[in-house]
Amino acid sequence: MIALNKTIQPFETYTAEYDEWYKKYPYVFKSEVEAIRNMLPAGESHGIEVGLGTGRFSVALGIKEGVEPSFAMRKMAIARGVEVMDSIAERLPYKSLHFDFVLMSSCVSYFFNVHAAFCEAHRVLKRKGSLVIGFVDKNSIIGNFYEAKKANSIFYKHATFYSVPQIVAELREAGFKELEFSQTLFHNLDEIKEFEPAIEGYCNGSFVVIKAIKK
């Protein structure tokens with residue numbers, strides 16, 4: 001079993017509260033899912049989700065397998081039909097050159113080492129494979145809100161939020177070349193009462209999706 005660090009432990013203890021968030025903000029979740037879907041490879045492709053939590057993104061996107069270090073979260077994801085292995089982003093239990101895509105959604109803030117995680121994704125991807133990352137931009141409306149409440153938050157207290165330039169720098173350092181950007185969530189969380197379609201680029205939306213290609 002993978003030892004949990006302090007950023008992951010709250011998800012083991014408060015799994016139900018975490019999963020309830022998706023019911024509280026259904027249009028936020030739908031907007032994020034569709035933004036990610038637009039960046040995944042078209043047609044038949046074999047991929048995984050890393051740090052897949054309770055499996056909500058995997059199920060919504062038709063991803064059949066992945067890794068998650070929290071036992072409680074794995075249990076819920078497995079009940080939803082996802083094949084989940086007990087592992088972390090920095091040590092993926094897969095052979096090299098194996099997948100068409102790797103998805104990391106809303107999990108980079110909880111990695112032990114972002115650079116190592118991106119290097120592992122690069123290793124397991126086939127040539128021309130895609131790493132797709134969805135995350136809340138530290139410099140956005142929602143990012144500022146999360147930063148402001150970190151000290152008193154169960155889930156964000158030990159999280160590290162990143163700006164787009166920081167993630168881009170780590171991707172390039174890990175060997176990824178071609179990058180595409182899209183964004184969604186253009187209002188405060190409690191103001192999002194309908195689906196918000198993603199648009200190209202970043203700086204305006206709080207949730208940014210980056211597609212990085214392995215050459």
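The values are calculated or read from the model by the stated rules, or taken from the named source; none is laboratory data. It should be emphasised that the depicted structure is a prediction, and the values quoted were computed from it without experimental measurement. Cβ: placed from backbone, ideal geometry, glycine included. Neighbour counts: every protein chain shown. To get the accessible areas, we keep the full protein, side chains included, count just its heavy atoms, and leave off ligands, DNA and RNA. Shrake-Rupley method; radii C 1.70, N 1.55, O 1.52, S 1.80 Å.
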- Task: Working carefully through the options E32, E17, find the one that is modelled with pLDDT of 95 or more and either closer than 24 Å to S153 by Cα or open to solvent by 20 Å² or more (accessible area, probe 1.4 Å) (or both).
- Result: E32
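Can you tell me which residues in segment 173-188 are under 17 Å from V28 (Cα atoms) and open to solvent by 20 Å² or more (accessible area, probe 1.4 Å)? It would help to see each step written out before you state the result.
Just the residues of segment 173-188 that are under 17 Å from V28 (Cα atoms), to begin with: 182-188.
Answer for segment 173-188, where residues must be under 17 Å from V28 (Cα atoms) and open to solvent by 20 Å² or more (accessible area, probe 1.4 Å): F186, H187, N188.
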- Task: Could you please tell me which pairs satisfy a Cβ distance under 8 Å, a separation of 6+ or placement on different chains, a first residue in segment 137-151 that is within 20 Å of S105 (Cβ to Cβ), and a second residue that is part of a helix (DSSP H, G or I) and charged (D, E, K, R)?
- Result: K138/E147
- Message: Scan segment 198-212 and tell me whether some residue there is among the β-branched types (V, I, T), within 15 Å of the chain's Cα centre (by Cα) and closer than 29 Å to T13 by Cα.
- Response: yes
- Identify, please: which residue in segment 190-209 is open to solvent by less than 20 Å² (accessible area, probe 1.4 Å), in contact with a Phe, Trp or Tyr (Cβ under 6 Å, 6 or more places away or on another chain) and among the hydrophobic types (A, V, I, L, M, F, W, C) and is, among those, farthest from C107 (Cα to Cα)? I192
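With respect to S130, determine if the residue is of a type in the set (S, T, Y), at pLDDT 95 or above and not in a strand (DSSP E or B). Working first, answer last.
Details: of a type in the set (S, T, Y): yes; at pLDDT 95 or above: yes; not in a strand (DSSP E or B): no.
It is false that S130 is of a type in the set (S, T, Y), at pLDDT 95 or above and not in a strand (DSSP E or B).
Could we say that I8 is crowded, with 18+ Cβ neighbours inside 10 Å, closer than 16 Å to G134 by Cβ and under 17 Å from the mean Cα position of the chain (by Cα) here? Talk me through it step by step, then tell me what you get.
Numbers: crowded, with 18+ Cβ neighbours inside 10 Å: yes; closer than 16 Å to G134 by Cβ: no; under 17 Å from the mean Cα position of the chain (by Cα): yes.
So I8 does not fit the description; no.
Yes/no per residue for (1) in a helix (DSSP H, G or I); (2) of a type in the set (K, R); (3) within 17 Å of the chain's Cα centre (by Cα):
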position	(1), (2), (3)
K75	yes, yes, no
P93	no, no, no
L103	no, no, yes
A116	yes, no, yes
E120	yes, no, yes
- Task: Hey, can you tell me all the residues within segment 43-75 that are open to solvent by 60 Å² or more (accessible area, probe 1.4 Å) and either charged (D, E, K, R) or within 23 Å of E17 (Cβ to Cβ) (or both)?
- Result: E44, V59, K64, F71, K75
- Considering each of L52, L61 in turn, give the residue that is touching a Cys at 6+ places or on another chain (Cβ under 9 Å) and touching a residue at least 12 places away in the same chain (Cβ under 8 Å). L52
- Across segment 80-117, what is the number of residues that are out of contact with any Gly (no Cβ under 8 Å at 6 or more places or on another chain), among the aliphatic types (A, V, I, L, M) and either surrounded by fewer than 21 Cβ atoms within 10 Å (Cβ to Cβ) or within 14 Å of I63 (Cβ to Cβ) (or both)? 2
